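Peer 1: I am attaching a structure below and will ask some questions about it afterwards.
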Amino acid sequence: MLPLHSQWTHRELLNLSAVCTNVPHDIYLTLPALKQPRAYHTTILIAMWRLLRISTLWLALPLLHASARDVPRDSNATDSFKDLFPVSNYPLKSWSMSHRVPGYFPTTPETFNIPSGYGSANSFALVQGLGSAPFPVINATYVAGKYDPGSDSGFSFYALGPEQVNLTTAKEVTMAYSVFFEEGFDFKVGGMLPGLYGGDSFELALNSCSDTLQNKIDSCFEIGPNWLAAGAGEVYAHLPFSGKTANDQAICHGNIPGGRECPGNDYPQAYGIGFGAFQFTPGIRTTLAQRILLNDAGQANGEIELYVNGTSIWRAEQLVIRARDEGRIWGLQMRTYFGRGAGNSTRW
C-alpha cells in the first residue's frame, strides 16, 4: 500500500508543484461486479495520500506536482514509492497523508475537505486494516447491476484538500496513485477513477461540465483515468469547446499511442486519450501519475502527461485546457463507479 502525499511549489501565480510519497492510508472498495454472482475487491491507492481498494482495484491517488527541478530521491525508497514521483520537480509547499512525511494529515473526510453539497463523509466508509494495510482505508461498494455513482454503489465527491494549500494558485499539478484489481475482477465495459477538476470559478468548476451549452462547456475541465473493457486504460478529459480545433489536432491527429475517442456533436468536449496504451491486469498493481500543465489564456500550450509505473507512456501537448485566464485547478474529483461520462446505460 502506498501513502498519499502532495507537495506544491509556489513559483508564480498558477504555478504549483506537488509530490506524492507512499501513503499509509489505503482506500478499499468492496464491490460485487456487475451481473456477477460473487463480489470482487478492488483497491485504489490514492497519492493525495490515500489508498483506495475497490473490490479488485488498488488505487494510490493524487500526487500533485510542480515545475521545479531535481527532486531529491530516497535511494532506499521502494519502486512503488518512486513510481509515485515520476516528475522531477522540487516542491516548496505540500500536504500529505503519508506516514513517511513529517506533519502528514490523517486519512479522514476532514482532510479531503469536501465542499458542502458535493459529497459527504457518508459517500464512503473508513475502515481499519483491510488486507495487508494496518491503517485506515476507504471502503466503497459497487452494487451488481448498477452504473453511475449512487448512495449504494461506488462513490463520487469533490475534494479541495487541506486549506493550507490553495490549488487555485497552481499552474502545473501531478496526481498519482496505485491501482490493484483483484484476480477475477470483471471490467465489464469500463468505469471511472479519481482525477482532477477545474474551472473559471468554484461554482462553474463543480457544475458546468455536465452542461451541453458552449458557454458552460468553456467554463470547466475534468481530467482523470478510466478502465475500459478487458482492463484497457485511458485518460478521459472534458476540455473547453472553444479549444476543439487545437485539441482535436493534438489528441485525435497526434502521435499519442493507443486509441483515442474524439468529440462528437452530442458531447463535444469529451475525449478518450490513449486507450489501450496501458493495461490493468487483475492481481498486479499499477501505479499511475497524471500531470496537467494549464495553458496560458488564448494559447494552445497546455499539456497532459501519463506515467505508468514511473515511465511516461504519452504526453499530449499544445492543448487548450482552460478557455480563459480565470480557469483554475480546484481540487480532486474523487469518483469510482461503473460507467463513463455521457451515454451510460445498463451495458456498463
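Peer 1: Determine, yes or no, whether Gly154 is in contact (Cβ under 8 Å) with a residue 40 or more places away in the chain and under 18 Å from Asn295 (Cβ atoms).
Peer 2: no
Peer 1: Might you check whether a residue that is acidic (Asp, Glu), surrounded by fewer than 23 Cβ atoms within 10 Å (Cβ to Cβ) and modelled with pLDDT under 95 occurs anywhere in the range 321-339?
Peer 2: no
Peer 1: How about the range 276-296: which of its residues are assigned to a loop (DSSP other than H, G, I, E, B) and of a type in the set (Ser, Thr, Tyr)?
Peer 2: Answer for the range 276-296, where residues must be assigned to a loop (DSSP other than H, G, I, E, B) and of a type in the set (Ser, Thr, Tyr): just Thr281.
Let's see how each residue does on (1) free of Cβ contacts under 8 Å to residues at least 60 places away in the same chain; (2) in contact with an Asp or Glu (Cβ under 8 Å, 6 or more places away or on another chain); (3) acidic (Asp, Glu):
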{"residue": "Gln299", "(1), (2), (3)": "yes, no, no"}
{"residue": "Ile304", "(1), (2), (3)": "no, no, no"}
{"residue": "Tyr307", "(1), (2), (3)": "no, yes, no"}
{"residue": "Thr311", "(1), (2), (3)": "no, no, no"}
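Peer 1: Is it the case that Asn265 is surrounded by fewer than 21 Cβ atoms within 10 Å (Cβ to Cβ), more than 25 Å from Asp325 (Cα to Cα) and at pLDDT below 85?
Peer 2: Answer is yes for this residue.
Peer 1: Do we find a residue being under 16 Å from the mean Cα position of the chain (by Cα), crowded, with 21+ Cβ neighbours inside 10 Å and assigned to a strand (DSSP E or B) anywhere in the range 297-305?
Peer 2: Yes, there is a match, as at least one residue in the range 297-305 is under 16 Å from the mean Cα position of the chain (by Cα), crowded, with 21+ Cβ neighbours inside 10 Å and assigned to a strand (DSSP E or B).
Peer 1: Among the residues of the range 177-191, is any surrounded by fewer than 18 Cβ atoms within 10 Å (Cβ to Cβ) and at pLDDT below 70?
Peer 2: no
Peer 1: Taking Phe275, is it under 18 Å from the mean Cα position of the chain (by Cα), hydrophobic (A, V, I, L, M, F, W, C), surrounded by fewer than 23 Cβ atoms within 10 Å (Cβ to Cβ) and more than 24 Å from Tyr158 (Cα to Cα)? Outline the logic, then answer.
Peer 2: Numbers: under 18 Å from the mean Cα position of the chain (by Cα): yes; hydrophobic (A, V, I, L, M, F, W, C): yes; surrounded by fewer than 23 Cβ atoms within 10 Å (Cβ to Cβ): yes; more than 24 Å from Tyr158 (Cα to Cα): yes.
In short, yes.
Peer 1: I'd like to check something: does the range 297-315 contain any residue that is closer than 23 Å to Cys209 by Cβ, touching a Pro at 6+ places or on another chain (Cβ under 7 Å), at pLDDT below 95 and not charged (D, E, K, R)?
Peer 2: The answer is no, given that none of the residues of the range 297-315 is closer than 23 Å to Cys209 by Cβ, touching a Pro at 6+ places or on another chain (Cβ under 7 Å), at pLDDT below 95 and not charged (D, E, K, R).
Peer 1: Let me ask something else. On the given criteria, is Ile273 in a loop (DSSP other than H, G, I, E, B), out of contact with any Pro (no Cβ under 7 Å at 6 or more places or on another chain), in contact (Cβ under 8 Å) with a residue 12 or more places away in the chain and hydrophobic (A, V, I, L, M, F, W, C)?
Peer 2: Details: in a loop (DSSP other than H, G, I, E, B): no; out of contact with any Pro (no Cβ under 7 Å at 6 or more places or on another chain): yes; in contact (Cβ under 8 Å) with a residue 12 or more places away in the chain: yes; hydrophobic (A, V, I, L, M, F, W, C): yes.
No; evaluated as a whole, the condition is false for this residue.
The values are calculated or read from the model by the stated rules, or taken from the named source; none is laboratory data. Here the structure is a predicted model, which is why all the values come from computation and not from measurement. Here Cβ is always computed from backbone atoms with ideal geometry, including for glycine, and neighbour counts include all displayed protein chains.
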